[in-house]
Amino acid sequence: MKKTWLFYLLSCTWGLPMTLCGALVIGILRLCGHPVRRFGVCRYIEIGERWGGLELGIFFLKDRTSSAHICIHESGHAVQNILYGPLMPFLVSIPSAIRYHIRRIAIRRGYRPRRHYEDIWFERQATAWGIKYFGNPEQPREQSSPHSV
């Protein structure tokens, strides 16, 4: 992302609600001993297995078993956060969480969703923007690497 300073400025002003939530969650997990890693302009923590990811402003959480696609997708949500700002929880985050849990419950009960996870606009947009600004899931431009914050 070429305008890193602008990304951080927007994340800490217009996108502040989600960024504050992320700072709180990442801070608590950091105090519990989880290392913070870097992907592009975002920071993340890996925790648990087989659940995917969760974006919180410039921060995100992901499971230990997921692919680079999750980093790219969650970073795309961070780009959405700087665009949608205080509306992000209502336009993307809450609907995404509800949809994720409904799909997960349905799959556990033996139902197969008829649509792909990214068939809804905000998930498709997050992946598209993640690829545009951070690289292709099959060939990421920037590898994730462990860094302390």
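The table below lists the values:
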item: GNM result for the chain, Cα springs below 10 Å: residue of Ala128, Ala97, Ala106 fluctuating most strongly; result: Ala106
item: Relative contact order computed over the stretch 1-142 (Cα-Cα under 8 Å; 6+ residues apart), in percent; result: 25
item: The chain, Cα convex hull volume normalised per residue, Å³; result: 110
item: Candidates Gly33, Gly85, Gly22, ranked by Gaussian network fluctuation over the chain, Cα under 10 Å, top entry; result: Gly33
item: Size of electric dipole in the stretch 7-70: Cβ of Lys, Arg +1 and of Asp, Glu -1, about Cα centre, debye, nearest 20; result: 160
item: Approximate spin-label separation Glu49-Ile107, in nm, with each point projected 7 Å along Cα-to-Cβ; result: 1.6
item: Per residue, in Å², the accessible surface of the chain once ligands and nucleic acids are set aside, probe 1.4 Å; result: 58
item: Dipole of the stretch 29-117 [Lys/Arg +1, Asp/Glu -1 at C-beta], most positive-end residue of Tyr84, His34, Ile70; result: Ile70
item: Point-charge dipole on Cβ atoms (K/R +1, D/E -1) for the chain, about Cα centre, debye to 20; result: 320
item: Contact order normalised by residue count of the stretch 56-133, Cα under 8 Å, 6+ apart, percent; result: 46
item: Cβ-derived FRET efficiency at R0 22 Å, Glu118 paired with Leu9, nearest 0.05; result: 0.15
item: Rounded if a/c under 1.5, otherwise prolate or oblate - the stretch 13-79, Cα gyration tensor axes; result: oblate
item: Normalised alpha carbon radius of gyration of the stretch 52-118 [divisor 2.2 N^0.38 Å]; result: 1.18
item: Accessible surface of the stretch 18-149, 1.4 Å probe, proportion on carbon and sulfur as whole %; result: 60
item: Listed residues Tyr44, Tyr111, Tyr100, most fluctuating in the chain (Gaussian network, C-alpha, under 10 Å); result: Tyr111
item: Fraction of antiparallel bridges per DSSP, the stretch 1-132 only, in percent to nearest 5; result: 65
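The values are calculated or read from the model by the stated rules, or taken from the named source; none is laboratory data. What you see is a predicted model, and the numbers here were worked out from it, not measured in a lab. Glycine gets a Cβ as well: all are built from the backbone with ideal geometry, and neighbour counts include every protein chain shown. Just so you know, the surface numbers come from the protein's heavy atoms only, side chains and all, with ligands and any DNA or RNA stripped out. Shrake-Rupley method; radii C 1.70, N 1.55, O 1.52, S 1.80 Å.
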